Amino acid sequence: MERVGIETAIPREGEVLVVRLPPGRVAREAIVLRDEHGAVRAYENVCQHVPIPLDAGGGAFFDDDAQLVCATHGAVYRRSDGECVSGPCMGRRLAALPFVIEGERVRITIDR
Ligand code: FES
């Protein structure tokens, strides 16, 4: 198995950075964002209800209350741990991706 590192900027509050993942995974993208406490988080961009991107390709990840929400059926995810707290996949979690912050960059490391 090969380890691959993908880099992106550090997201600002309220910003979601979409990062392309290498082929060979269900998730084609990662999302990197700040949680409710300002900490950086990285998840696969795959809803836990139906395995499609949370934003359905539209680029919008937050509702009017700044909650992380799936655009298709409205599942709401807690940003700090990716748990679905409302909607059809309640109790399931977004797949968290391991990362480190190196200077001004976020480096996600995955196996493929
Ligand atoms: S596909 Fe995300 S809530 Fe149904």
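Side notes on the structure shown:
- Applying the criterion of being touching a residue at least 40 places away in the same chain (Cβ under 8 Å) and surrounded by 15 or more Cβ atoms within 10 Å (Cβ to Cβ) to the residues of segment 55-65, the residue that is farthest from Glu29 (Cα to Cα) is Phe62.
- Applying the criterion of being modelled with pLDDT of 95 or more and of a type in the set (S, T, N, Q) to the residues of segment 66-112, the residue that is surrounded by the most Cβ atoms within 10 Å (Cβ to Cβ) is Thr72.
- In the condition set (1) in contact with a His (Cβ under 9 Å, 6 or more places away or on another chain); (2) under 21 Å from Arg25 (Cα atoms), His73 is compliant with all but (2).
Conditions tested, residue by residue: (1) touching a residue at least 24 places away in the same chain (Cβ under 8 Å); (2) away from the ligand (no atom under 16 Å from the Cβ); (3) in contact with a Gly (Cβ under 6 Å, 6 or more places away or on another chain).
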{"position": "Asp35", "(1), (2), (3)": "yes, yes, no"}
{"position": "Ile52", "(1), (2), (3)": "no, no, no"}
{"position": "Gly91", "(1), (2), (3)": "no, no, no"}
{"position": "Ile101", "(1), (2), (3)": "yes, yes, no"}
{"position": "Thr109", "(1), (2), (3)": "yes, yes, yes"}
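- Some residue of segment 58-73 being within 15 Å of the ligand (Cβ to nearest atom) and within 10 Å of the chain's Cα centre (by Cα): yes
- Hits in segment 21-78 - residues which are in a loop (DSSP other than H, G, I, E, B), charged (D, E, K, R) and under 25 Å from Val100 (Cα atoms): Arg25, Arg28, Asp35, Glu36, Asp55, Arg78
The values are calculated or read from the model by the stated rules, or taken from the named source; none is laboratory data. Fair warning: this is a prediction, and the values are worked out from it, not measured in the lab. Every residue, glycine as well, gets a Cβ built from its backbone with ideal geometry; the counts of neighbours run over all protein chains shown.
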